[in-house]
Amino acid sequence: MAAVGRISQLLLRSSLTQARRQLSAAAAHGHGDQSARLWKILTFVVAFPGVGVCMLNMYLKEQQHSHEQPEFHPYSHLRIRSKRFPWGDGNHSLFHNAHLNALPGGYEGHDE
């Protein structure tokens, strides 16, 4: 039984050694340099222009966007304040925008 264990360990060590030699040989032949060059080219030819096109698309869509204040609808289920916010006056959300975010009574600065 011990002989079977020793033989299996020898076979395992020899297969691991062969795998290491093959990987070392592949690295020595410059395969890593080719793949790094490929990814560098893909970054400059595909990724950066893709990000640029997405930014241009977003900019053009923003230029077409209407900047008018949405109409206020005093629905009872919207803007419920069961408890005051722990900052400021307690009525404004943390990232409050006076132009787009209405308070329970309506938009700020408009007396209609």
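Observations on the model:
- Taking amide H as placed 1.01 Å from N in the peptide plane, N91 has its amide H under 5 Å from the amide H of F85, each at least 5 places away in sequence or on another chain.
- Full extension of the chain between F85 and R6 gives 21.3 nm of extra length, using 0.36 nm per residue less the Cα-Cα distance.
- Stretch gain in nm, segment I41-S66, where the contour uses 0.36 nm per residue and the Cα spacing is subtracted: 5.0 nm
- Counted residue by residue at 0.36 nm each, then reduced by the alpha carbon distance between them, the extension gain from Y107 to Y75 reaches 10.1 nm.
We did not get these values from a lab; they are worked out from the coordinates using the rules stated. Nothing here was measured: the structure is a model prediction, and the numbers come from that model.
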